[in-house]
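Coordinate-derived values only; no laboratory data. Not measured: the values here are computed from a predicted model. Note: ideal-geometry Cβ built from the backbone for every residue, glycine included; neighbour counts use all protein chains shown.
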Amino acid sequence: MFTSESYNTFISQFSKVVTKHMAQGHVSLVSIAQEFHITRGQLNRRVKAHLGITAQQLAQNIRIDHAKRLLVNNRELPIADVAFQCGFDDATSFTRAFHRATGYSPSLYRNNPKKHHL
């Protein structure tokens, strides 16, 4: 059984691994699970037990939060570059995921971040 502290450590490590994978250009839950020496199913169960969401949802939340920061802090960065830096394969899938998560397109969010609660 995990203690609250060990779960927090696990989630923090999970976030670091997702960030590392984003920098490499692709986020794969299988690869992330391998870094923890567990299966994708075990990874999902651990995240779900602590946060009530799937590992995929947590990874997506981390990626979208990173995208929000990039959109606001690097306004000159093309949307496609933001997508790639967040581990998306293309701008279209990024735009769809960003809109699903925030209700706004990346460019609309970039142009009015205060309204969208950064």
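Observations, loosely collected:
- Point-to-point label distance, residue 35-residue 96, nm (Cα→Cβ direction, 7 Å offset): 2.5 nm
- Cα-based Rg / Dmax (Å) for the chain: 14.9, 47
- In degrees, nearest ten, helix 91-102 long axis to first principal axis of the chain (Cα): 80 degrees
- Contact order normalised by residue count of the chain, Cα under 8 Å, 6+ apart, percent: 24 percent
- Over the residues of the chain, the helix contribution to mean residue ellipticity at 222 nm works out to -22000 deg cm²/dmol, using -39500 (n - 2.57) for each DSSP H run of at least 4.
- Extent along principal axes [Cα atoms of the stretch 64-116; Å; largest to smallest]: 28, 23, 15
- Coarse-grained scattering of the stretch 4-59 at q = 0.17, 0.20, 0.24 Å⁻¹, given as base-10 log I(q)/I(0) from a Debye sum over alpha-carbon atoms: -0.46, -0.65, -0.93
- Helix 55-73 axis versus longest C-alpha principal axis of the chain: approximately 30°, rounded to the nearest ten.
- Note on residue 112 and residue 49: the extension gain reaches 19.1 nm, defined as 0.36 nm multiplied by sequence separation minus the Cα-Cα distance.
- Angle between the chain longest axis and helix 40-51 axis [Cα atoms, degrees, rounded to 10]: 80 degrees
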